[in-house]
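Colleague: Can you read through this structure? Questions will come right after.
Values in this text are rule-based calculations from the coordinates and carry no lab data. Please read these numbers as outputs of a predicted model, since none were measured by experiment. Neighbour counts are summed over all protein chains in view; Cβ atoms, including those assigned to glycine, are modelled from backbone coordinates with ideal geometry.
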Amino acid sequence: MMKVNYEGGCFCGAVRYAFKGGNIPCADCHCTMCRRTSGAPYVSWLVVPVNDFSYTRGVPKQLQSSADGTRFFCSDCGTHVACTNKTHPEIVDITLGSMDTPEAFTPTFSVFEDTRLPFVTTVSGKR
C-alpha cells in the first residue's frame with residue numbers, strides 16, 4: 001500500500017487521485033496543446049513517478065493529444081488532471097491546479113518557451 005502525501009481531483013469530485021511525495025519537480029508548460037486543452041495561457045504540471053501515483057475515485061476520460069501524449073480529464077466537469085507521454089513512461093504529469101493543496105509546490109522552470117504568449121512572464125522572469 002502506497003503512503004499518500006498528496007491528493008487532488010477534478011472540480012466535481014468524480015475523479016480523484018493520490019500520490020506519494022518526495023522531490024517532485026513543478027514546471028510551467030507554454031505549449032500550444034496545453035493552452036488549447038486548458039483554455040489558459042499556460043499550465044503548471046507536477047512530474048510524478050508513475051509508480052507513486054494512483055486514481056482513487058472514478059476513471060478519467062482519455063484524449064490522445066499527440067502521437068506520444070495522452071491527457072486525462074473528468075468526463076463530467078472537464079477538469080484536466082493528468083498527462084502521460086510515451087517518451088517518458090516512468091512519469092505522469094499532474095496539473096497543479098487540480099491538487100487539494102496546490103500551494104505545496106512552486107513551479108521552478110518553464111518548458112516550450114518558444115511558444116509562450118508574449119504577455120506571460122516565466123518563472124525565470126523572461127517576458
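Colleague: Loop only per DSSP, at most 13 neighbouring Cβ atoms within 10 Å: give me the trypsin sites (Lys or Arg not before Pro) in the stretch 25-89, ordered by residue number. Each step should come with its number before you reach the end.
Modeller: Values: sites: 35, 36, 57, 61, 71, 86; in loops: 86.
Loop-located and lightly packed - 86.
Colleague: Assuming a viscosity of 1.002 mPa s and a temperature of 20 °C, what translational diffusion coefficient in µm² per second does Stokes-Einstein assign to the chain, Rh being the Kirkwood radius over Cα pairs? Could you put the intermediate results ahead of the total?
Modeller: On the way: Rh = 14.9 Å.
Diffusion coefficient, whole number: 144 µm²/s.
Colleague: Mind putting a number on the dipole of the stretch 1-86 about its Cα centre? Charges go on the C-beta only, +1 for Lys and Arg and -1 for Asp and Glu, and I need it in Debye to the nearest 20. Could the numbers behind the result be given before it?
Modeller: Values: 9 positive and 5 negative charges, 23 e Å.
That gives the stretch 1-86 a dipole magnitude of about 100 debye.
Colleague: Only counting other Cβ atoms within 10 Å, I'd like 75, 124, 98 sorted with the fewest neighbours first. Spell out each step's value before the answer.
Modeller: Working: 75 13, 124 10, 98 21.
Least crowded to most crowded, the residues run 124, 75, 98.
Colleague: Also, quick follow-up: Would you mind ranking 66, 44, 110 so that the residue whose beta carbon has the fewest other beta carbons within 10 Å leads the list? Please report the intermediate quantities before stating the final value.
Modeller: Working: 66 13, 44 22, 110 19.
Taking fewest neighbouring Cβ atoms as first place, the list is 66, 110, 44.
Colleague: What 222 nm value per residue comes from the helices of the chain, counting each DSSP H run with n ≥ 4 as -39,500 (n - 2.57) and dividing by all residues, nearest 500 deg cm²/dmol? Spell out each step's value before the answer.
Modeller: Numbers: 1 runs with 7 residues, N = 127.
Estimated from H runs of four or more residues: -1500 deg cm²/dmol.
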